[in-house]
1. Output needed: percent of Cα pairs per 5 Å distance bin for segment 79-227, bins running from 0 to the one holding the longest distance.
2. Rank by packing, highest mean first: peptides 162-172, 195-205, with packing defined as the count of other Cβ atoms within 10 Å averaged across residues.
3. Considering the convex hull of the alpha carbon atoms of segment 165-252, report its projected area averaged over all viewing directions, in nm², one decimal.
4. Exceeding 23 Å between C-alpha atoms, which entries from my cross-link table qualify? They are Lys116/Lys218; Lys150/Lys251; Lys116/Lys163; Lys109/Lys242; Lys116/Lys150.
5. Give the dimensionless ratio obtained when the Cα radius of gyration of segment 109-196 is divided by 2.2 N^0.38 Å.
6. Using only alpha carbons, build the gyration tensor for segment 54-152 and give me the equivalent ellipsoid semi-axes, biggest first, whole Å.
7. Below 8 Å, C-alpha to C-alpha, sequence gap of six or more: please give me the relative contact order for segment 54-152 in percent.
8. Could you work out the Kirkwood radius for segment 203-249, taking every pair of different alpha carbons, averaging 1/r and inverting it, reported in Å?
Amino acid sequence: MTLRNVMLLTGLLFILSGCSINSTDNDIDNSKEYIKTDNYSKMINNGSNKNDELSSVKDSVETEKVDITNFEKIAQLNNGEELYYGYYETSYGKYIVIKRNSDIKVISKGFPSRPKVSPNGKMVAFIDDLDFEMIGNLFIYDTVSKNKIKLTNYNYKQENTVKALEWLDDDHILLIIGFGYGTITRGGDLYIYDLNKEELEKILDAGERREIVDVKVKEADLKLTIVVWTDDNYTEYEYIEKMVPIKELIKK
């Protein structure tokens with residue numbers, strides 16, 4: 001039984017147990033045969049192709065009255081704006097807001113992920129929506145143009161969703177994209193989004209019975225956290241960690 005089939009079964013209750021974290025150099029095969037690369041040509045969303053995975057929809061950001069007293073300050077941006085993230089008590093869900101002096105601009109509200117700022121401080125990236133069985137897409141807020149831009153175009157008719165992100169550099173965002181439904185799935189495969197080319201590319205397939213759940217940039221390496229199911233029913237699993245040289249995965 002494949003992981004996809006297990007996730008599609010309904011009415012089953014799974015008890016997840018046996019969770020541990022290990023680190024070993026033999027956890028992932030970094031050979032060229034293991035790394036599957038899918039290049040996507042530039043696809044701008046015009047509503048005519050429901051299979052498009054990329055988008056370039058731009059929205060302006062409006063000023064709104066929001067009490068951010070208990071919000072977390074994420075960063076001081078290069079243009080003098082301040083980035084905040086938190087739960088708004090008078091509304092349902094979380095907010096990402098930009099503050100300049102007394103003006104508050106809402107970037108996203110509902111179920112956005114915790115925003116992450118590009119190394120040069122000019123872009124803010126986040127996933128919206130990010131919650132159980134919600135389909136999430138990659139967005140950025142451009143501090144120069146003041147626009148919020150939707151970069152991927154997954155929807156409920158498709159199976160995949162963006163689950164995690166990490167800035168590689170000012171021009172590239174690492175994404176974990178995987179199956180969006182069910183109680184079994186934890187992560188997915190590793191992708192990279194090129195902001196200049198507006199292209200999405202898969203750079204690492206997690207493999208059978210595995211999903212990448214987290215990625216961090218550690219100087220010249222990527223630190224991957226991977227969930228590995230150890231039984232046929234996908235009820236037992238462990239987490240492993242792996243350091244992979246960036247140059248082995250990405251050719252700029």
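The numbers here are math on the coordinates, done by the rules we state, and not lab data. Not measured: the values here are computed from a predicted model. Cβ sites come from the backbone with ideal geometry, for glycine too, and all protein chains shown count toward neighbours.
1. Going from the shortest bin to the longest, the percentages are 2, 9, 18, 22, 20, 15, 9, 4, 1, 0, 0.
2. Packing order, densest peptide first, comes out as 162-172, 195-205.
3. Quarter of the Cα hull surface area: 5.9 nm².
4. Lys150/Lys251; Lys109/Lys242
5. Cα Rg divided by the expected 2.2 N^0.38 Å: 1.05.
6. After diagonalising the Cα gyration tensor, the semi-axes are 19, 18, 12 Å.
7. Value for segment 54-152: 26 percent.
8. 11.4
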